[in-house]
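Any read-out appearing in this document is the output of simple, stated calculations on the displayed coordinates, not a laboratory observation. Keep in mind that what you see is a predicted model, and the values were worked out from it rather than measured. As a convention, Cβ positions derive from the backbone with ideal geometry for all residues, glycine included, and neighbour counts pool all protein chains shown.
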Amino acid sequence: MTKLTRRALLAQSATLPLFSIISHRADAAEFELKYATGQDPTHPVNLRAKEAHDRIREASSGRVNIKLFPANQLGNDTDLLSQVRNGSVDFFNLSSLILSTFVPISGITSVGFAFKNYDDVWKAMDGDLGNHIRAEIAKTSIFTVSKIWDNGFRHITSSSRDIKTAADLKGFKLRVPPAPSLTSMFKALEAAPATINFNEVYTALQTKVVEGQENPLAIIATARLYEVQKSCSLTGHVWDGYWVLGNKRAFEKLPADVQQIIKRELDKSATDQRADVARLNTSLVADLKAKGINFVDVQQEDFRKKLISTGFYGEWKTKYGAMPWDLLEKVSGKLG
């Protein structure tokens with residue numbers, strides 16, 4: 001075997017794509033990749049991602065090793081979006097809501113009270129609407145590596161009052177992610193939304209900077225928000241999903257067989273994770289009740305009527321455009 005000098009190794013490394021690190025250690029993978037998430041290690045997105053990474057390593061005969069960095073270890077969501085755009089992080093699962101700050105159309109999946117159930121969600125996201133969003137994301141420096149994962153229907157929690165009707169939101173201080181559509185919706189409902197990155201949410205609730213927040217049940221449980229909230233209103237006001245994003249230029253430099261293995265195994269884990277969340281949505285109500293959360297049933301139509309009266313739907317139809325709005329309404333029915 002030819003012995004490589006240090007100079008030769010440095011010259012070789014300078015020609016490598018940012019996406020991969022070809023190691024000279026005999027026991028190392030050919031491609032060492034970083035996969036970041038914002039969720040707790042116990043959340044299904046991380047458990048299923050880890051399974052995908054293990055399968056990718058096996059299917060590639062050890063050529064690919066993906067290291068998981070959960071719970072915003074490499075930065076908050078805004079930081080990580082920048083990192084996947086510049087290629088310093090290889091994969092990042094990001095809420096479609098937050099992605100909308102970079103690719104505005106991704107926020108259309110979270111129009112207030114658009115989806116009534118999961119049948120509608122998957123019909124849209126695995127169909128024409130999802131394909132349109134994918135194409136818009138791919139016009140940037142990033143792309144979607146797999147089918148969309150499930151974040152879930154979002155519900156409102158509170159430490160100060162039970163939210164039963166739209167009127168109960170008047171003046172209510174609640175945290176929202178940096179997502180224009182959510183901020184707009186809660187302002188239309190006369191609440192007082194405050195944009196706070198997720199890694200700061202627990203402290204903001206604990207110190208009463210805000211009275212409440214809104215998230216799917218799996219997030220409320222794994223982030224232990226039940227410790228600083230007393231009630232959860234089952235508003236299901238929007239559905240949100242996680243896109244697994246990759247740096248497009250760097251991914252294309254990987255061998256074609258490696259690309260296919262990564263996509264295939266992440267797709268499988270996306271399907272498994274969707275099933276996990278479906279099961280959790282049933283079991284978590286009982287679990288969170290046992291931890292002291294009081295659940296409040298609401299009439300969604302009361303909130304929807306309030307949004308219609310403010311012109312909310314017409315405003316967002318104009319922002320997103322008639323064509324994607326039509327794709328949404330093919331599944332949701334007429335909005336506004």
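Some notes on this structure:
- Partners of K248 within straight-line reach, counting lysines whose Cα lies under 25 Å from its Cα and excluding those fewer than 8 residues away in the same chain: K34, K50, K67, K139, K147, K263, K268.
- Normalised by 2.2 N^0.38 Å, where N counts its residues, the alpha-carbon radius of gyration of the chain equals 1.06.
- Database remark: amide H of A36 closer than 5 angstrom to the amide H of F69, F91, F92, N93 (H placed geometrically; neighbours at sequence offset of 5 or more, or on other chains; Pro and chain starts carry no H).
- Using θ = phi - 60° in the Karplus curve 6.51 cos²θ - 1.76 cosθ + 1.60, the 3J(HN,Hα) couplings for segment 131-137 round to 5, 5, 5, 4, 5, 5, 4 Hz; x is entered for Gly and Pro.
- Most positive-pole-ward Cα, F198, S158, V298, against dipole of the chain from beta carbon charges: F198
- Inter-label distance, T42 to K187: 3.7 nm, where each label sits 7 Å from its Cα along the C-beta direction.
- DSSP beta bridges confined to the chain are antiparallel in about 55 percent of cases.
- Spatially proximal lysines relative to K230 (Cα-Cα < 16 Å; intrachain offsets below 8 disregarded): K164, K173, K208, K289, K291
- Per residue, the average separation of C-alpha pairs within less than 8 Å and at least 6 apart gives the chain a relative contact order of 24 percent.
- Counting DSSP beta bridges with both ends in segment 150-246, the antiparallel % (nearest 5): 60 percent
- Most positive-pole-ward Cα, L328, I66, V121, against dipole of segment 11-332 from beta carbon charges: L328
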